[in-house]
Each structure stands twice: as structure tokens, then as C-alpha cells.
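Colleague: Mind looking over this structure? Questions follow.
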Amino acid sequence: MAGASKKRQQRERKGGEGSESDLSSPSRSSSGPASESQSQHARMASSSQASPLRRSPPRYDGNRDPEAYIEGAGGVTARDPNISGVIVDARRLDLASHHFTVVIMDIFVFRKFDQLTRDEKYDVRTDLPKRPAANKTGKEIVVGLNTFNIAAYPTKAVYQYDVIIGNGAENRGLIKRLWQSKAVRGALGIGWIFDGNRIAWSMVDKSREIRITVDLDDESGRPTRPGGRENKHKVQIRQTNSVRFDALRGYLSGQTAFDNACLESINFLDHLMREQPSQTFTQIKRSFFARGQQRFTLGGGIEAFKGVYQSIRAVHSVGGARLSVNVDVANGTFWTESSLHIAAKDVCRARDLPQLVALLKGEKETPAFRALRRLRKLRVYAIHRGAAEKEHLFTIDRFLNKSSRQHTFEQKDRTTGISKKTTIYDYFAQRYNQRLQFPDLPVVQMTKKNVVLHMELCKLAENQRYVYKLDERQTSNMIKFAVTPPSERWAAVEHGLGMLDWKNDKYLHSFGLQIDPTQIKVKGRLLPNPKVQFASGPIDPRTSGRWDLKGKKFLTPNTKPLKSWGICVVQGRGAADKAQVDNFIKEFIKVYTGHGGRIENKTPVIIPGQGGDAGKAVEELWNKTGNASQLRPQMLVFIVPDKDTMTYNRIKKSCECRYGVVSQVMQAAHVQKCQAQYISNVCMKFNAKLGGVTARAAGKPSGNFPAPTLVIGADVSHAAPGSEIASMAAITVSTDALATRYAAACETNGHRVEMISTNNITTMLKPLIQNWVQTVGKGKFPERIYYSRDGVSDGQYQHVLQQEVHDMKELLRTAGQTKIKFTVLVASKRHHVRFFPKAGDSAADRNGNPLPGTLLETGVTHPFEYDFYLCAHAALKGTARPVHYHVLLDENKLTVEELQVSLFPAVYYAHLASNRARSHENAPSSSGPESKGGSGNRSGGSSSDKPLTEAKPLIEMPNNGEIRTSMWYV
């Protein structure tokens, strides 16, 4: 039976569109980057020509299974073409786990999409809602922005050219040298800008194709290369288009739609603003960093320093739509300028250079050797010739698994002309009198042909971007560096304005672009804050930004009294002793019951555990807790001595995927301090995981929903660039009438794929809707669905509608539900807009941040569509970052007062769940905190040049107990 059950679970996991089940029965849960403004404009251009789609565009699904089964008391008994999934027999209830399944009438049956009639189909609109009337609640305030108006832009046509250098496949370094060569400059004259790849612009109309031959040896004054090889390159420049600004003016005046002509205008202006600073500073997309800036060491050979970011955008203004420039601080992470072997020591996490040698030794590639891939493509200069070598940079191609004593090459004697084999070690010792201290380190092959150097003779050039994920220590240091109060951030913005120096930018003057450096100030609203309802009554949180639970009872306590729980004290340096644990548990029980929590067993099991085998500790605690109470454990608690990510993930994986029980992990340091505020915070998590609710917003418009409403949140998290770790999709769904509690489902979503796949929406969302229908709707579907999506750029708004929302509607339609109305909005915090109220003003707090409830509907918003910026929470540190909301669909016709709320919990919980679900990856614990996710390596670099398409599914949480509908992820 166990084997048959396992096979059934595997079949269900492969469901896809052909795995539709009874909705009322419980089921398993299962490019050069564009700027925000540019992707917004691209989306506007495409949306004006979009048409409604009936089906999602094809998306890769490697797990589709067309088979459909019905399960009865005797196992799989039949295959039905219309129904797939489990229909549970009441005689087979799992009494031991206290999991009872209720089967309601089978009127809500998923049917396959291709069986639906045309009349049953309803499509998603592709035109986005227009901006409604402004919010009039609260009081009017004035807020300064880090944006600046464009006073004038070109009136004459600008001609666009296609640039082909060589065969069109040359590297960016060579392209840059050729474009800046005397031959090209002389042929073109002044007033040209170039995107660094294939496109150039000029106000000069050259209709005939320009052909130029550039001799780089001649330009640099070098003699012809040995053997008569020429260093000549061909450059072809051909006019392809003209950028017309009358189309952009028509759009801003509201007379024409945003089209490709507008997009071309914005794209040109964006590159125009980058031309001058890109020649002066280190450029990373739209950010610029000066050399010689004050550095902040992050550790591990990485440093951070500040630069400036700028982006052009079309915005809504009181006097009409206009163009503005968003200027902000850019915090960059870079490799420290250091000797290459020192950088290698840091990358391989060796304590010193002798250990680095030991870690890199071996005939086969060691993990440390693979970690060296992070150094590929970095620029270095050799030091064996002295300072003059700085003029000739090399680029690392790869590290050879040979030492300087092992790697040989043919050396030609300059006197006799006779060649002989020599080693790298001997060559540098004889030719340059360089005695290597660590000759057993691997040698480095450069991209330049036949150039192989030793690590000790190379030094990393400055200002090279670090593109990998920071570790915990580096992240902590980066937060300390980046988090600055509003006064310091605005000072950094002003410093950035000095770097950009628009007034003296010759390219802006040449093309007629004028930017007013005066800060934009706009009128906004300060919305009244809602009261927070606890069981002991409502309170007014004002603007403290803190949860003060003293003397307050949770709105609803844990649904079942806590009877079966146990504690494991993980041993190690800094572990809590017995007296400290006993004291903490005593205080915890006192505080939790004081908040209304229900605890019947006040003497939980306490056992020691070894951090080296977290899975064993979970197993032992599970067994001893269950045996002591003769009940299935409700909560397992672990007190760990440090922040070891591997131990944490192993505990969570075992608890949630093996035993289906919620858990709480605490650091020994907090247990030892035993502070009341910390205990209350832990009590909130305890209560949420055990079915309770801390509080809710009270009063209009934050009271009850006007109609039965289901709230859905979604987020997709991605690994660091270059990593093979899979993307993670998370969907959260409200589980009560007031949308205070949320169940979450997670699954891998391909590799760096942002849109949630059809298969994931079907398998994850279906059981969550089933749960809502049974427990909240009492057999009925909701009348409304609010869908909040996190983490998508402007250019992906149509994809959210045409793929994700479309699939949700398709899923509901298979159950005969075609009248449920959707409201869809995107909530984003990845932007550079900041609010700067006047210090001491009634709109600012004591730190100079905007007060919670600060709303802006103009100045930085879309010219015509429905979006807004809202600061809904107090910023305890740094400069507050408002949430940007963009409404994509509003079939419920909500008022602005109903929509303009804080970052919705559904989105926040989805973000937590997508990150937490990485501990559910189907990989052994030995793979560490950055597991392969099906294929990959801990170094963060790709081990293969093959494209990644399929990601291994997560380990499934068991379908017993209540883990799937609990808030296991908080």
C-alpha cells in the first residue's frame, strides 16, 4: 500500500492541465536590462496594439500527464476523461493524524480546458485602467521628490544609424576602442552618441553608407606585428531610421497613443543622458561610479561605495503629462583592488595562502577550484614589469589545473633563435628575477592568445562589479553601509547631481536637452491611519512603527490548546544551558497566556541535540514529544547556538516535508537574554502557526469585505545572477472571511522565469481555493478575487494579465465559475523614488521621513494609467521607500479609498514563503545553504554552457495534519 500511495502522489504531482480534481475536495498543494521607465514605455507601446487572448502563450511544462484517475476504497479503480484527482472514501479517514476530509457535492468539478464551450469562456482585458479621480481623504501635504523636470528636449529629427564593426561579433572592449579611434572620429565629426553595441545617433543626415578601416597599430604608434599580421578592422555605419519627437509630444498632450515612435524617442534620450558620464565614470546600466571614491569594506575581498543613478520617465503632472529625470543614490558592490591570489583566498574561503594551496591541489577539480570561476572575466594587470604594465590590462579566461612548476611552453632564445621548453616558474625567475612564494598555485590563462600568468603576478583592477549574492556577513555590512537617513540620502543625491553636471554636458547641449536641477515638489495626501483591533479592543498605533503588545490579547488565539510540543537545545559554542532554557520557557508560557494563547501542557519535552545532524535531532524530538503526550506533535521548538543557515534549512525541511509539523527556531543569545519584547514577537509567530490571528485593521474602509472575497498574493524569487538554482514561485490565499490568515504553496518555476507557469497555478492554487470554498464559503465560491502580484517590472504587466490571471480564470471556469470578478494590482518596492518632506514639517517624522499614510498620485506616477505611491509604514532606519502600486484590472470597481492601503499581507507572505521554500529543495543537506536546485554549484557560477529549462520539483509537504493550510512560513 505504501508503494501504491507513493506512486499515486507522483502521478498527482505530474498533473498539469490533465490533473483536474473536484474543487470541493482537498488536494495536494504543490537582454540588456531595461530601466523601470523604459520597460514602462515598452509596455505602453505594446499594449496599444494588444488584443485579448483566449489561451496563455505556450510555456514549457515537462511534467504534464494526460492521464486522469479516480481513487476509491480499493485504490485506483477507473480512469475518467473528465475528472482527475482523489475522491476520498469516508471509511478511509486517517484517525491517527486527526485529519478528517469532508466531501461536498460534486457540482464543482474541474473539466479540461478543451471541453469548455465558447459561451463559457471569458477573457482578460488587455487595456489597463485609466487614472480615476484623486483621493480626497486625509489632509493635503507637500512632498519633495528626487526627480527633476526636463525643461526642453529636441525639436528636430535625430537620425539613427546601425553600426557594424568587423564581423559584428567583436567584444565590447574592441568595439569601444574602434568607435573612439581617430579614424572614426575624423570621418564622423562631433555630435555623435553610441550605445556601445550596434546603434548610434546624430543630428547629421548621412544617407550614404560610411565605410572606415581602422588600423589600431598605426593609431597607437606601434610597429607592425611580427609576421606582417595587420591589426586592421572595418567599421560600417548605415542610416536606418529617424527619431521623431512630434510623436512624443502628441502622447504627452494626450492626443495620440504611446507607440514605437515614442519608445524610440525615450530610448534615445536615455542614451543621450548616459553618454557624457559613461566616458568619465564606471558605468553599470544607468548607474555611475567615480574612481577614487571612499570605500566601505564588506569582507571577503568585496567592497561597496556610492554612485549616482538616473532614469528618464514620462509622468503625470498637474499641468499635464511631462518628462522628468529620477536621480537617486546607487550603492554598488565591487571587487577590492588587490593581488589576484589574495582575491582567490577570499573566494575559496581559505584562512591563509598555504591553506589555499592545499584546497586547490588535486588532479580533479576541487570545490575550491570550481569557486575560482567567480574570478573569470575580471580584468587584471601584471606587476612583473612594474607600473608601466597598468597600461595593458588582461582579462581572465580561466584557471588551469596546473601549477607554475607544471605548466610549460616553448621559449625562444632571443640570441640564438633556438626554442626550448620551460616552465612558468623558471621563465619569470630567469627573465624578470621574480621568485614566486606560492608556485603551487594554479596558473591563469588570459583571453589574449598565449598569455598565461601566475596569480602572484596579477592584480585586480579597481571598480569591477561583484555580481554574486553576498553572504550573511557581507549582507549585514552592506545594510549598515546603504541604510542612511533622509538628510544623508538627499546630500548623496546632490553629490550625484554634481557628478552628472547637466549644465556642462556637451552632448545634452548639442541635442537640445535641458534638465532643471531644481527639486520637484508636489502635493500629496496624508491618509488617516486605521485603528488596530485586538481581542482586548482597538488601539491607535499612530506613527511609532512598532508592535507594542504589552497588555494586549491576540484577536484570536491558537485554534487548539497547545498540548503536544517539545524543545530541542542544539549544542555548540554559545548554546543555552538548562537553567536558561527553563527560565525562558517559564516566561514564554506566562507571556503567551497573557496574550490570550492557550497552553494546556506547561512542561514540554526538552532534549539536547547535535547541530551536525539536524535531521536526527528533529526525528528524536518528534518521537519523544509524541510519546510523552500520546498525541501528534503540534509544535517543535529548536534553540540553536548560531545563525548557521544549513542547520536552519535542515530543521525546516525535516519538520515541514517529513513530519508535516510547524516549528520555531530561536537563537540561544535571545533565549539567554529573555527579553519581554522578543518573547512577544515569538508568541505572534507561535500563534500564527497554530491557527491564531494577532490583530486586524478596524473600521471603514478596512472593515469587512462588501462581498465574499478571496485574496491571492504571488511572488517569484530568483537566485543570484549566474546561479543555476531554480526560481521559486509562491502563491498565498486567504483562509478566513477577513483575510487575516493565509495558506501558502510553493514550487520551482524554471530558471529565472518570472511568470508563474500554468502547471504551477493549477497545482498550487486549486487546493487552496478548495480549502476556501469548504471552510470559508461553506460550499460556495467567492464573488470577488483580489490578486496582488509582487516583483514584476512594467514591461511584464501584460504578461501577468494574459498568462497568470488568464490561467486563474481558466481554472475557475473549469468549475463553472465565470462570474467571479477580479481586481489585480502589482506592488513594487524595486524603484528609486523617494519622498523628502521638509524637515520639521507636519508631514515628516523626527527622522525626516514621510509619515505613514503619505500618498502621491502625481509627480512620479504614470501619465494616464491608474497607479500611485504610498508610504504606509514608519521607517525605523534609513530613508522610507514607498510602495508603487499599479492597477492592472478592476472588475470590482473599487474606489481609490478602498484600494490605497499598505503593502498587502498576501504579497508580503508570498515573498516570505518563496524564500523559505528553498529549504524544501530536493537536494541532500550536504549541498549546503545554496543547493543545486536540480543542477548547479555553490560557487554561484554555471557549470555548463547548456541552457537551463527544467527545474527539479520541491519536496512535497505531507497531506496529513494541517501543515498545508497553516502559516508555516512566518
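The values are calculated or read from the model by the stated rules, or taken from the named source; none is laboratory data. Just so it is clear, the model here is predicted, and its values are computed rather than measured. All Cβ positions, glycine included, derive from the backbone under ideal geometry; neighbour counts span all protein chains shown.
Colleague: Provide a single number: the residues in the stretch 572-592 that are assigned to a helix (DSSP H, G or I) and either of a type in the set (Ser, Thr, Tyr) or within 17 Å of Ala614 (Cα to Cα) (or both).
Modeller: Qualifying residue count for the region: 1.
Colleague: Another question about this same structure. Tally time: how many residues in the stretch 413-428 are at pLDDT 85 or above and farther than 21 Å from Asn401 by Cα?
Modeller: Residues flagged as at pLDDT 85 or above and farther than 21 Å from Asn401 by Cα within the stretch 413-428 amount to 1.
Colleague: With respect to the numbered conditions (1) surrounded by fewer than 23 Cβ atoms within 10 Å (Cβ to Cβ); (2) under 25 Å from Val532 (Cα atoms); (3) touching a Pro at 6+ places or on another chain (Cβ under 6 Å), which one is the sole condition not fulfilled by Thr895?
Modeller: (3) is the only condition that Thr895 fails.
Colleague: I need a count of the residues in the stretch 735-749 that are of a type in the set (A, V, I, L, M, F, W, C), surrounded by fewer than 23 Cβ atoms within 10 Å (Cβ to Cβ) and within 14 Å of Thr965 (Cβ to Cβ).
Modeller: Residues that pass the stated criteria total 0.
Colleague: Would you check if there is a residue in the stretch 207-216 being surrounded by 12 or more Cβ atoms within 10 Å (Cβ to Cβ), more than 30 Å from His316 (Cα to Cα), among the polar types (S, T, N, Q) and not assigned by TED's automatic domain parsing to the domain that holds Lys449?
Modeller: Within the stretch 207-216 (the criterion being surrounded by 12 or more Cβ atoms within 10 Å (Cβ to Cβ), more than 30 Å from His316 (Cα to Cα), among the polar types (S, T, N, Q) and not assigned by TED's automatic domain parsing to the domain that holds Lys449), the answer is no, since none of the residues qualifies.
Rundown of residues vs (1) more than 25 Å from Ala576 (Cα to Cα); (2) crowded, with 16+ Cβ neighbours inside 10 Å; (3) assigned by TED's automatic domain parsing to the domain that holds Thr775; (4) of a type in the set (D, E, K, R), yes/no style:
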site	(1), (2), (3), (4)
Lys616	no, no, no, yes
Glu619	no, no, no, yes
Thr625	no, yes, no, no
Gly660	yes, yes, no, no
Val671	no, yes, no, no
Asn681	no, no, no, no
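Per-residue answers, yes or no, for (1) in contact with a Cys (Cβ under 9 Å, 6 or more places away or on another chain); (2) part of a loop (DSSP other than H, G, I, E, B); (3) among the charged types (D, E, K, R):
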site: Arg830; (1), (2), (3): no, yes, yes
site: Tyr869; (1), (2), (3): no, no, no
site: Val907; (1), (2), (3): no, no, no
site: Ala913; (1), (2), (3): yes, no, no
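Colleague: Another question about this same structure. Could you give every pair whose Cβ atoms fall below 8 Å, whose first residue belongs to the stretch 849-875 and is buried (at least 23 other Cβ atoms within 10 Å of the Cβ), and whose second residue is among the acidic types (Asp, Glu) and assigned to a strand (DSSP E or B), counting only separations of at least 6 or pairs across chains?
Modeller: Final answer for the pair search is Thr861/Asp867.
Colleague: Report, by residue number, each residue of the stretch 639-649 that is at pLDDT 95 or above and in a helix (DSSP H, G or I).
Modeller: none
Colleague: May I pose another question? So for the stretch 607-614 (the condition being charged (D, E, K, R), surrounded by fewer than 23 Cβ atoms within 10 Å (Cβ to Cβ), at pLDDT below 95 and outside any loop (DSSP other than H, G, I, E, B)), does at least one residue qualify?
Modeller: yes
Colleague: Does Lys563 count as surrounded by fewer than 20 Cβ atoms within 10 Å (Cβ to Cβ) and modelled with pLDDT of 95 or more?
Modeller: Yes; evaluated as a whole, the condition is true for this residue.
Colleague: Also, quick follow-up: Criterion first (assigned by TED's automatic domain parsing to the domain that holds Tyr648, in contact with an Asp or Glu (Cβ under 9 Å, 6 or more places away or on another chain) and more than 17 Å from Asn687 (Cβ to Cβ)) does Pro608 satisfy it?
Modeller: The answer is no for Pro608.
Colleague: I'm checking my understanding of the structure. Among residues of the stretch 783-828 that are among the acidic types (Asp, Glu) and outside any helix (DSSP H, G or I), which one is farthest from Tyr866 (Cα to Cα)?
Modeller: Per the stated criteria, the residue is Glu783.
Colleague: Yes or no: the stretch 297-310 includes at least one residue that is of a type in the set (Lys, Arg), in the same structural domain as Ala321 (by TED's automatic domain parsing) and assigned to a loop (DSSP other than H, G, I, E, B). So that I can check it myself, show each step before the final result.
Modeller: Of all residues in the stretch 297-310, those of a type in the set (Lys, Arg) come to 306.
If we keep only those that are in the same structural domain as Ala321 (by TED's automatic domain parsing) too, we end up with 306.
From what's left, assigned to a loop (DSSP other than H, G, I, E, B): none.
Checked the stretch 297-310: no residue is of a type in the set (Lys, Arg), in the same structural domain as Ala321 (by TED's automatic domain parsing) and assigned to a loop (DSSP other than H, G, I, E, B).
Colleague: Let me spell it out: the conditions are (1) under 27 Å from His509 (Cβ atoms); (2) within 35 Å of the chain's Cα centre (by Cα); (3) among the charged types (D, E, K, R), and Arg244 meets all of them except one. Which number is the exception?
Modeller: Result: Arg244 passes all but (2).
Colleague: Take the conditions under 30 Å from Phe836 (Cβ atoms) and at pLDDT 75 or above and apply them to Val896. Does it pass?
Modeller: yes
Colleague: Go through the stretch 211-241 and report how many residues are farther than 12 Å from Ile165 by Cα and touching a strand residue (DSSP E or B) at 6+ places or on another chain (Cβ under 6 Å).
Modeller: Result for the stretch 211-241: 4.
Colleague: Is one or more of the residues making up the stretch 624-645 in contact with a Lys or Arg (Cβ under 7 Å, 6 or more places away or on another chain), polar (S, T, N, Q) and within 24 Å of Gln675 (Cβ to Cβ)?
Modeller: Looking through the stretch 624-645, none of the residues is in contact with a Lys or Arg (Cβ under 7 Å, 6 or more places away or on another chain), polar (S, T, N, Q) and within 24 Å of Gln675 (Cβ to Cβ).
Colleague: Looking at Ala668, Ala614, which one is over 25 Å from Thr775 (Cβ atoms) and in contact with a Ser or Thr (Cβ under 7 Å, 6 or more places away or on another chain)?
Modeller: Ala614
Each row is one residue, and each column tells you yes or no for (1) out of contact with any Leu (no Cβ under 7 Å at 6 or more places or on another chain); (2) among the acidic types (Asp, Glu); (3) not in a strand (DSSP E or B).
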{"residue": "Asn241", "(1), (2), (3)": "yes, no, no"}
{"residue": "Gly250", "(1), (2), (3)": "yes, no, yes"}
{"residue": "Thr256", "(1), (2), (3)": "yes, no, yes"}
{"residue": "Ala261", "(1), (2), (3)": "yes, no, yes"}
{"residue": "Glu264", "(1), (2), (3)": "yes, yes, yes"}
{"residue": "Asn267", "(1), (2), (3)": "yes, no, yes"}
{"residue": "His271", "(1), (2), (3)": "yes, no, yes"}
{"residue": "Glu275", "(1), (2), (3)": "yes, yes, yes"}
